[in-house]
Structure formats: structure tokens, C-alpha cells
Amino acid sequence: MLSTRVIPCLLLQEGGIVKTKKFKKPRYIGDPINVVKILNEKEVDELIFLDIDASPNKSEPDYELIKTITNECFMPFSYGGGITSLEQASNLFNLGVEKVIIGSHAINNKKLITDIASQYGNQSVVATINIKRDIFNKPRLYDPSNKKLLKIDLSNYCKELVNAGAGEIFLNFVDRDGTKNGYDGENIRTLSALVTVPITVCGGAGCLEDMRIAVKDFGASAVAAGSLFVYHGKRDAVLVNYPDYSKLLELFK
């Protein structure tokens, strides 16, 4: 059995799947249902869907789209984007979403995490920490809903999210998104040492070896990626893919 979760992270925008680079310039990849069908055939164990427009536009999750995805998806998936209330989280769980991912809204309202965890369990809530380095190369908390770096201590913030009830932390490295330059090992090592909940990392994977290093050397619990699973070759030709199970078993043995 595979010891490490290896998760395609798919970005939703205007009903389609897109891929960004450093959280900018979204490129259309394809129809969500077609992408899900391919990943079903690849026997992927888990998916992440993030609606990158919902929070910036202050809109609710697209329940109709999520319902359609749920009906087609053979594997459990997490969803993030536009979740601002317990009621919205409840709607998503009722549609079949396994975990809700809370990002920008948790910055000023950690009670939302507590409310969801109290009703549905800590394992149902994932809290996102988007990390972007400033002009002095210092890692800072980044709020993509208003595109601002915040003066919040990352270590304390991570512990606060877990204390609020988050059963998992999703570290997303803005500067490495779509670059294929590897994950930010420094921050993985620092934050994973602070908490006992699983830490999933995303942003920078260019090959499977990057994933192995994130887990074995830096302490990540799970690895997620976008470019690695939707592109192929040096020219980034669109090709939805996922490694054979045997290859992943060998990677993390």
C-alpha cells in the first residue's frame, strides 16, 4: 500500500480547468469532467479542486459544477474556494466533497474552521497557507483574494490554524507555482516540525524525485502538483497524466 498521498491539484476557473504560473496567467487545460475521466482511468486515489476566482470575486462555490464532478469522480476529493460559512461547507459535504479547504477566509475568521471541525470532524477541514517571499527573500503569508503579503508570523499562524481545528495544513508555494523548480524545503521543514497534523505541499514539483525529497528529506506528509500532472515535455504540451502505482511504491519505499 502506498504510504504517501500523491495528489493532482486542479484549478477551476469559469467552469474549466486552468494552470497558473506563480498564481498568474491561467492557461486553459480542459473540461473538468474530461480531466476527471482520464484520472479515473489512471486510478488516482485523491484529487484537490481549487476555484481560483471564488474568493477574489466574493462568490460562493459553484455547487452545480461540483455536483457534476462528484457524479463523475471515482475518488474522494477536497474542494477550496469561496467557502465563508458553515452552511456552505455543509452544502459541499452533502454533494459528496470529502474535505473543505479554507484559505483566505481563515485569516480573519478562524472560527469558521472551528465550526466546521466541531460538526464534521477535524479530518474534514484543511487550512491553506499560501507562502510568497518578499523583496528580501523572507517567506510571508500571502492572501490571493486581494494579492497582498501579510505581516503575520508563519509559524504562529500554522499553530493557530491547527488549534482552531484544522486536521491538515496545505502549504502552497506561490513563487514556485508552475516553475518545476522543486518545493520550498526550508518552509516544509520548519512548519512540519511545529504541528502533528498532516502537511500537504504544493507548488514547484517538476518530477517525481521532487516529491520524494519533499517527503523523505523535508518532512511533508503528502505531495500535490498541477503542472506535473497536466503537462508533458519541455514545451508544456497539455497531457493529463499520472504515474503508475508501482512507480510510486518504488519512489516512497
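Structural remarks
- Residues in region 167-182 reached by a label modelled at residue 146 [backbone nitrogen below 13 Å; 7 Å Cα→Cβ]: none
- Percent accessible area from carbon and sulfur atoms, the chain, protein chains only, probe 1.4 Å: 48 percent
- Taking a ≥ b ≥ c as the square roots of the eigenvalues of the alpha carbon gyration tensor, region 1-51 is oblate, as a/c is not under 1.5 and a/b does not beat b/c.
- Rounded FRET efficiency, nearest 0.05, which uses the C-beta distance separating residue 94 from residue 42 and R0 of 22 Å: 0.20
- Once the 1.4 Å probe is applied to the protein heavy atoms, the chain comes out at 47 Å² accessible per residue.
- Dividing the summed -39500 (n - 2.57) terms of all DSSP H runs of n ≥ 4 by the residue count of the chain sets its mean residue ellipticity at 222 nm at -8500 deg cm²/dmol.
- Taking each of 37/234; 148/234; 37/159; 21/216; 58/159 in turn, the alpha-carbon distance tops 29 angstrom for 148/234; 37/159.
- Around the amide H of residue 102, modelled in the peptide plane, lie the amide H atoms of 126, 127, 128, all under 5 Å away and 5 or more residues distant in sequence or on another chain.
- Overall, the chain carries a charge dipole of about 960 debye about its Cα centre when +1 sits on the Cβ of Lys and Arg and -1 on the Cβ of Asp and Glu, all other atoms neutral.
- Label-point separation in nm, residue 134 to residue 196, each point 7 Å along Cα→Cβ: 3.4 nm
- Against the empirical curve 2.2 N^0.38 Å, the C-alpha radius of gyration of the chain lands at a ratio of 0.93.
- Of the beta bridges in region 15-149, as assigned by DSSP with both residues counted there, near 45 percent are antiparallel.
- Considering only 162, 150, 185, the residue lying farthest towards the positive end of the dipole of region 147-195 is 150, judged by Cα position with unit charges set on Cβ.
- Take each peptide in 119-130, 68-79, 240-251, count the other Cβ atoms within 10 Å of every residue, and average; sorted highest first, the result is 119-130, 68-79, 240-251.
The values are calculated or read from the model by the stated rules, or taken from the named source; none is laboratory data. Here the structure is a predicted model, which means the values were calculated and not measured. Methodologically, a virtual Cβ is constructed for each residue, glycine included, from the backbone with ideal geometry; neighbour enumeration extends over all protein chains shown. SASA here: full protein model, heavy atoms, side chains in, ligands and nucleic acids out. Shrake-Rupley method; radii C 1.70, N 1.55, O 1.52, S 1.80 Å.
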